[in-house]
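First up is the structure itself, then whatever we jot down about it.
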Amino acid sequence: MSLKDTLIPFKAWGNLVKKPVTLKDPMREGAPRYRGFHKNDVDTCIGCGSCEAICENEAIVMVPAEGIETKDGDSGLRPLVDYGRCCWCGLCVDVCTTGSLSLSNEHTWICEDPEELKYIPGIDKKPWDEKEEGWKKPVPNYHFYGQERVSMEEMEAEERGDSFIEFVKGYSKEQAQKEADRCVECGICVATCPAHMGIPEYIKAIRNDDIEEGMRVLYETNPLPEICGRICTHKCEDVCSVGHEGDPLSIRWLKRYIADQVPSDKYKEILDTQKIYKGDKKIALIGAGPASLSAAYYLSLLGHNCTIFEKLDKAGGMMRYGIPEYRLPYDQIDKDVKYIESLGTEIIYNTNVDAAKFMELKENYDVVYVGTGLHLGRSTAIPGSDHEHVFQSIDLLREITEGKEIMVPEKVVVIGGGNVAMDITRSIARLQKIKYGKVGVITTSLEKEEVMPADREEVVEAREEGSIINPGWGPKSIEIEDGKIKGLHVVRCLSIFDETGRFNPSLDEDDKNFFEADMIVESIGQGMDISYLPEELKEKIEFGPRGRINVDDYFQTSLDWLFAGGDMIQGPDVIHGIANGHKAAIGIDNFLNKK
Amino acid sequence: MKQVLEKLSASFEIEDIVYQRDDLTFLSAKKENLINLITHLRDIEGFSHFVLLSCVDWIEDDKFQLTYFLNKPEEKYDLGIRCMIDRKEASMDSAHHLWKQIATYQREIKEMFGVDFPGSPGVDEPFILEGWDNIPPMRRDFDTKQYSADTFFPRERPKTNDPKEYMKEQMHPGEWGEYRKEKK
């Protein structure tokens, strides 16, 4: 070995004094839009899981996170990112429905154990949580799904203003599929729907043009789809994840689209109910509204014999006698009801159940179910409210449905800010338009515009049709001159509830107004009429706060043979009635099996 | 630049001209005209600099898209020339005689997408995938996940929760479908 060979290894030592060519830690800062580790604004995130669904690498899983509660509109889950799988493509950020997810430009994280390279962004604190730089969803106009809902064709206000014909035309196949295509299938809406309908599943069926599958999904939880597809309060749409950065899915109209496509004579074939087993148990249901109809439908499928007793001459309850025809045509109610009847449920009309009849039902049937709703209008009880031309909205709506002629003067004031108030406002506006060629309705409510309980579109459409909606006033008195109503005195309402959350309106007596009227309609809520319950039973039934009958999770009262559901228990709205009836059917079946 | 492209569009059957920016334009050309077009652009119109060549797999349309990027140094102007070719037996005329370095891009595309460039130097030699025994990995019908599972050691995915099912568990357990199934 030569001297040179011996010295060569030592030459390497010379490198120690040279400037290194490698980068030192901390390394170079990422570019401003560099895609590095995730950040998540966990208060904005709703745990819809779209980030997980789009991730090709399965790098994201949805996990419960500390301090995040599962509630309406929020699954309580948050994404956990596994950096053994993530490729930093950023699709999860781009698809995020709320815009909560982003990437920081931080790109170095050194640890020995690969299993440690995962965390829940926003929950597990990281040094890059506060960094501004990094990849964000490019806004505006950059979305993976349509932000605007497919608009629904409606008759123009001038065209519909003097007619009770249904004015919402319904989606065509192309429109329905286009709207369905906006759904991200997260399923956040299902928990909020009182009936827990399979919403993502039926929307998917529309997308796949499989109407029969859509029908099966609908009837799994809702036997009144034609009705609900038109007038449901669509609480599902309030929590739709797509609604955070755009219009929520038009879930209600999509449901209507499915039901509208199927003719009545196909129902049994599609829903596989041509033959159903019938046992010997008998159930009497009082009131042919949604709660009873729904209970009867599911009880029939369980093999029970149902008889519904209805006071009026047609079925539907508040759906027929409370909701005007322009929103819910009667033939659509008939379509849903006829199918339920075809499965063996008998509806006996024009039968008023009183205490004696009630006891008779108790003797002759295994179970009695009451779903008699809220049909007694509440009065404001202000001075003058006992005048003969002060009406209850619920009475007028029923009389309009029955074809009776109601009083229609040129000037009407409606008191109330809910959907029923809008229904009577718009019905009277139509009748005035027919009679006088012009509209003269003023509707006023305690609630300010922003917190009116009526659906937004109801208020907008009522205005389009010429009614004046003037919210935020508290009624004081009705002025009467020579026995005739002159109008309504109101004062400004500042707030409705006090600090403890109790109904206790605070009024500014100095801020006054006067609405001229020949007739006043009160529409401030309804109460239940349970005068048919015999006194000896009333003593045995447990009542809860505000006089409601106490029921368990399956709508069984403290008397085991008596069940109750619908508006008198929960709501008021159709979808709660349907959900109650469904749950009660399970409860009744369980009860009968134990008997 | 508009004038130049309009002048060329007839003779080279140029389509879909998109003036993306003041210094960037995209256009489409047919496979049979492409080499002539870029030759003309290089020799007559001053697009002397070749920037890059890329490929996209439009599997639904059964096409590959090749995009040639050229640059005109005097005007600092970029031109992207798109060319759709058949996905089955995918092949394109080589352009290595125009710019020597194109051979490297063509070799990469051959390996990653399986688009052949007959006559291009070294086009059949492995680019980075030595010993590759599957369909070209950038083709969209290549199943990356399956390949990974077959080739590498498995790594279990953490447990996940479906938002809908989780909310049901938390907020409304038990439902009709299950009840009826039990009954049947």
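The values are calculated or read from the model by the stated rules, or taken from the named source; none is laboratory data. Because the structure is a prediction, the values reported are computed rather than measured. Glycine gets a Cβ as well: all are built from the backbone with ideal geometry, and neighbour counts include every protein chain shown.
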Q) Can A:LEU328 be described as part of a loop (DSSP other than H, G, I, E, B) and either in the same structural domain as A:LEU361 (by TED's automatic domain parsing) or not hydrophobic (A, V, I, L, M, F, W, C) (or both)? A) yes
Q | Count - residues of the range A:21-45 that are within 14 Å of chain B (Cβ to nearest Cβ) and either among the aliphatic types (A, V, I, L, M) or over 16 Å from A:ILE188 (Cβ atoms) (or both) | A | 0
Q) In this structure, is A:ILE382 within 34 Å of the chain's Cα centre (by Cα) and either of a type in the set (Gly, Ala, Ser) or not in a loop (DSSP other than H, G, I, E, B) (or both)? A) no
Q. Residue check: is B:TRP132 modelled with pLDDT under 85 and out of contact with any strand residue (DSSP E or B) (no Cβ under 8 Å at 6 or more places or on another chain)?
A. no
Q.
Looking at A:ILE270, A:ILE283, can you tell me which residue is aliphatic (A, V, I, L, M) and crowded, with 20+ Cβ neighbours inside 10 Å?
A. A:ILE283
Q: Could you tell me which of the residues A:ASP552, A:ASP567, A:ASP529, A:ASP560 is in a loop (DSSP other than H, G, I, E, B), in contact with a His (Cβ under 7 Å, 6 or more places away or on another chain) and of a type outside the set (Gly, Ala, Ser)?
A: A:ASP529
Q.
Please determine whether any residue of the range A:158-176 is of a type in the set (Val, Ile, Thr), touching a strand residue (DSSP E or B) at 6+ places or on another chain (Cβ under 9 Å) and under 29 Å from A:GLU269 (Cβ atoms).
A. yes
Q. So which helices (runs of 4 or more DSSP H) stay within the range A:1-113 end to end and still have 2 or more residues that are modelled with pLDDT under 90 and surrounded by fewer than 20 Cβ atoms within 10 Å (Cβ to Cβ)?
A. A:3-11
Q: Select from the range A:46-66 the residues that are among the charged types (D, E, K, R) and facing chain B (nearest Cβ under 9 Å) and list them in ascending order.
A: A:GLU52, A:GLU56, A:GLU58
(Q) Kindly evaluate A:ASP511 against the criterion of being among the charged types (D, E, K, R), more than 20 Å from A:ARG378 (Cα to Cα) and touching a residue at least 12 places away in the same chain (Cβ under 8 Å). (A) yes
(Q) Filter the range A:131-166 down to the residues that are of a type outside the set (Lys, Arg) and not in a loop (DSSP other than H, G, I, E, B) and list them by number. (A) A:GLY134, A:TRP135, A:GLU154, A:ALA157, A:GLU158, A:GLU159
Q: Might you let me know whether the range A:489-510 holds any residue that is outside any strand (DSSP E or B) and buried (at least 16 other Cβ atoms within 10 Å of the Cβ)?
A: no
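Condition check ((1) more than 20 Å from the chain's Cα centre (by Cα); (2) over 30 Å from B:THR144 (Cα atoms)) across all residues:
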residue: B:PHE12; (1), (2): yes, yes
residue: B:LYS30; (1), (2): no, yes
residue: B:LEU34; (1), (2): no, yes
residue: B:ASP62; (1), (2): no, no
residue: B:THR67; (1), (2): no, no
residue: B:ALA103; (1), (2): no, no
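Residues checked against (1) outside the structural domain of A:CYS96 (by TED's automatic domain parsing); (2) farther than 15 Å from A:ILE340 by Cα; (3) in a loop (DSSP other than H, G, I, E, B); (4) not basic (Lys, Arg):
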| position | (1), (2), (3), (4) |
| --- | --- |
| A:GLY243 | yes, yes, no, yes |
| A:PRO248 | yes, yes, yes, yes |
| A:ARG256 | yes, yes, no, no |
| A:LYS266 | yes, no, no, no |
| A:ASP280 | yes, yes, yes, yes |
| A:ALA288 | yes, no, yes, yes |
| A:SER292 | yes, no, no, yes |
| A:SER300 | yes, no, no, yes |
(Q) I'd like the residue in the range A:294-310 that is modelled with pLDDT of 95 or more and surrounded by fewer than 21 Cβ atoms within 10 Å (Cβ to Cβ) and, out of all such residues, is farthest from the other protein chains (Cβ to nearest Cβ). (A) A:THR307
Q) Right, B:ASP133: surrounded by fewer than 18 Cβ atoms within 10 Å (Cβ to Cβ) and within 20 Å of B:PHE69 (Cα to Cα) or not? A) no
Q. Looking at A:ILE478, A:ILE469, A:ILE406, which is the one that is buried (at least 22 other Cβ atoms within 10 Å of the Cβ), within 23 Å of A:LEU376 (Cα to Cα) and of a type in the set (A, V, I, L, M)?
A. A:ILE478
**Q.** Tally, over the range B:104-149, of residues that are within 14 Å of chain A (Cβ to nearest Cβ), assigned to a helix (DSSP H, G or I) and not basic (Lys, Arg)
**A.** 5
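Listed here are the residues, each with its yes/no results for (1) basic (Lys, Arg); (2) within 27 Å of A:PRO572 (Cβ to Cβ).
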| position | (1), (2) |
| --- | --- |
| A:VAL408 | no, yes |
| A:VAL420 | no, yes |
| A:ARG430 | yes, yes |
| A:LYS433 | yes, no |
| A:ARG463 | yes, yes |
| A:GLY474 | no, yes |
| A:GLY487 | no, no |
| A:ARG492 | yes, no |
